[in-house]
Structure formats: structure tokens, C-alpha cells
Amino acid sequence: MKESDKAYELLRKRIISGHYAPGEQIKEAPLSRQLGMSRTPVRAALKRLIEDGLATADAGQGVHVSIWGDRDIEETFQLRMLLEPYAARLAAERGGDAMVARLRELNEQMAAGIKAQDVETVQFANQLFHRTLLEYCGSPRLRSILEVMADIPVLVRSFYLSDESELEQSLRHHEEVTLAAAERDGETAQHAMQLHLRTSFRRFIRRRSEYQRQALEG
């Protein structure tokens, strides 16, 4: 693995886990000393974090962690738990065979990513799964609200704090939603999505706490 990749992986985990405070500046020079590498790979890693939306850069102000604290994350999850299960219900009732086929395809991609330990593929398939349900729910207003919440970088990248069993659990939830959609069973799809989001929220908070503790002990 290249030095820039190593720096990127470490910084990404630190940001997602909350090791750095929202808005905290990440300085290139101290970080390169801490990691024992030149500033060039660190600069490349910071550039990727900005592209991911996990950090921001303003002329003359340096690089800062994107401002999403624990309260913002909890509120976003709570709103998603209220709204997205309803969107899943509508999609199951309205989506039809084309949506179900797409969901099954994405589940297969997610399963392949888990088997290959390719978190990027898992993350991408997961994001498209939720977007597909929004696309077919038939409510432009609901879709526009939820798309903003689903695109928060810290949450999108949260799969990097999950182990294989947790990723497989997420896949099983997706499969339950898909099965309900195939049966046009909106109520079951709604309940499956509620369970999925509640489990994801609890896992995310637990993993953040574990990583923060490990970082302090290390």
C-alpha cells in the first residue's frame, strides 16, 4: 500500500470515528511528522478527504474536518428512521418488477464486495440500494428530503468501521426489504427498513466509541 493510501485510511477512520472534532484543523506538517512520512503523501491524503466530503479547504484557512458532530449524526439518523421506512413502504407497493430486479442486482454486488473484503464496493452498492428505493417511492418531496440525509459523508463512509458479520447483517436486512417488495408487501418492507436503520445507528455509535477509546489508549 502506498504511503498516501495509508495516510488516507488512517485519517478517514479518525474522522468517521470522531477522533477529530468537527471543524478541527488537520495540519500537514505535524501530521507528516506523526506518521513518519514526507508531506507529499499526507497532502495527497488530505486532498482525497476533501473530495470525499470528509474535510473542507478554504484559501488561507487550511484543511478542516467537516462539521458533523454526534448531535448532528443522531438527529439525522432519527429523521431517517422516521421517514425512510415510509419511503420503503411506498416503493414496495409501487416499484414493480424493475425495481425488485435492480435491488436484487445490488444485493449481489454487496455480497460480492463482502466476500472480497472490498468495502468500497459494499458502500457503493448500499448507497445505490437506498437511492433505488427513493427513486421508486413515487414521492419527489420525500425523495429530495432523504437524499440529502443519505449523502452525509460521515454516514456514507461508516462501513469502514464495520466488521464482516455486521456487513452481512446489513445485507440480510436489504434482502428482507427486497423480498417484501417482490411480494408488494409495504408493511413488511417498512418494518424491515426500521430494523435496518435502528441497527445501523446503534452499530455506528458503538463503533465510533470503540475507535475513539482505542485511539486514546494507543
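The values are calculated or read from the model by the stated rules, or taken from the named source; none is laboratory data. In this text, all values refer to a predicted model and were calculated from it rather than measured experimentally. As a convention, Cβ positions derive from the backbone with ideal geometry for all residues, glycine included, and neighbour counts pool all protein chains shown.
Data overview
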| item | result |
| --- | --- |
| Selection from segment 140-159 of residues that are surrounded by fewer than 16 Cβ atoms within 10 Å (Cβ to Cβ) and either of a type outside the set (A, V, I, L, M) or modelled with pLDDT of 90 or more (or both) | Pro140, Arg141, Ser144, Glu147, Asp151 |
| Residue list for segment 49-65, restricted to those being part of a strand (DSSP E or B) and of a type in the set (Gly, Ala, Ser) | Ala55, Ala57, Gly62 |
| Output for segment 168-182, where each listed residue is out of contact with any Phe, Trp or Tyr (no Cβ under 7 Å at 6 or more places or on another chain) and in contact (Cβ under 8 Å) with a residue 24 or more places away in the chain | Glu168, Gln169, Ser170, Leu171, His173, Glu175, Val177, Thr178, Ala180, Ala181, Ala182 |
| Residues of segment 174-191 classified as under 16 Å from His130 (Cβ atoms) and among the aliphatic types (A, V, I, L, M), total | 4 |
| Looking only at segment 185-218, and only at residues there that are of a type in the set (Val, Ile, Thr) and under 22 Å from Gln123 (Cα atoms), the one that is modelled with the highest pLDDT | Thr199 |
| Filter pass, Arg71 being closer than 29 Å to Ser200 by Cα, charged (D, E, K, R), at pLDDT below 90 and surrounded by 14 or more Cβ atoms within 10 Å (Cβ to Cβ) | no |
| Candidates Arg14, Arg43 - the one that is under 25 Å from Asp163 (Cα atoms) and either modelled with pLDDT under 85 or assigned to a helix (DSSP H, G or I) (or both) | Arg14 |
| In segment 74-117, residue modelled with the highest pLDDT [restricted to those that are of a type in the set (Val, Ile, Thr) and within 18 Å of the chain's Cα centre (by Cα)] | Ile114 |
| Considering residues of segment 51-68 that are surrounded by 15 or more Cβ atoms within 10 Å (Cβ to Cβ) and among the aliphatic types (A, V, I, L, M) only, the residue farthest from Pro140 (Cα to Cα) | Val63 |
| Pairs, first within 23 Å of Glu210 (Cβ to Cβ) in segment 18-45, second hydrophobic (A, V, I, L, M, F, W, C) and surrounded by fewer than 12 Cβ atoms within 10 Å (Cβ to Cβ), C-beta under 6 Å, six or more apart | Pro22/Ile67 |
